[in-house]
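Every number in this text was worked out from the coordinates using simple rules, so none of it is lab data. Predicted model only: the values in this text are computed from it and were never measured. Positions of Cβ are backbone-derived with ideal geometry, glycine not excepted, and every protein chain shown enters the neighbour counts.
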């Protein structure tokens, strides 16, 4: 992987990338002190953007090159319609930490965070409403397949699922009650999904989460992000520069850096598919991987 300098000493928590008409990778990284940085040239250079919050930006999501949302540690939801040149605040109705934002189109999005909070918007974030949550655990990560089929994961190995975008229920798994965190979740389709967390734990389902089983990771480092391009090819990133890749059951890849890694995002770009991995201390890595599903 190639190391890229994001040109900021902030602690970065999330990264999002989209395809562009110019066949370059557009990316956004968010982190400490409201930091948001943007690249329009596949990560060669990064520029700062004003996010309208001084607090930690935990998650960022773009549905295209212009429309994006970011959430922070004090209940802030930021929105941009011009690729991040300007950000405005959207009232969330909560002061809870918000840890993940996921939009499936320009209108419909969800946010999860502390105390099991789940927020939903059907009008691009102009209004947000609370959805009933089956947990009070902190929810760290979320992923949707299609318009209404989604999963969220969090503290005490919590996994929750919705099939209609509004009603959520818990899914049992071997780590429930362990006190361990599940940090990130990725589904390649409605059946196949993976979630990662503390001490290198990876859980996998092939039936939409009705049952979950362990998948060997070969590491005890915490895993903070996971992404699957299809049912076979996936990547997980974590502390101490850990990058895992699987196409046949799990093969580790050395990232070449030792910073803690928090998230991974992939795009289909020219001349080759590329990936961003976000890390501490203003570092990002770019490497050829696979198509981004969204």
Order of 214-225, 123-134 by packing, highest average Cβ count within 10 Å first?
214-225, 123-134
Can you give me the pair-distance distribution of region 78-166, C-alpha pairs, 10 Å bins, whole percents?
18, 51, 27, 4
For the pair residue 204/residue 136, report the inter-label distance in nm, with labels modelled 7 Å from Cα in the Cβ direction.
3.6 nm
What distance in nm separates the simple spin-label points at residue 81 and residue 230, each placed 7 Å from Cα in the Cβ direction?
3.8 nm
Among region 184-206, those whose backbone N falls under 11 Å of a label point 7 Å along Cα→Cβ from residue 220 are 199-200
Expected sort for 167-174, 203-210 on mean C-beta neighbours within 10 Å, highest first, is 203-210, 167-174
State the volume of the convex hull built on the alpha-carbon positions of region 201-244, expressed per residue in Å³ and rounded to an integer.
76 Å³
For the residue pair residue 122 and residue 106, what label-to-label distance in nm results when each label sits 7 Å from Cα along the Cα-to-beta-carbon direction?
1.8 nm
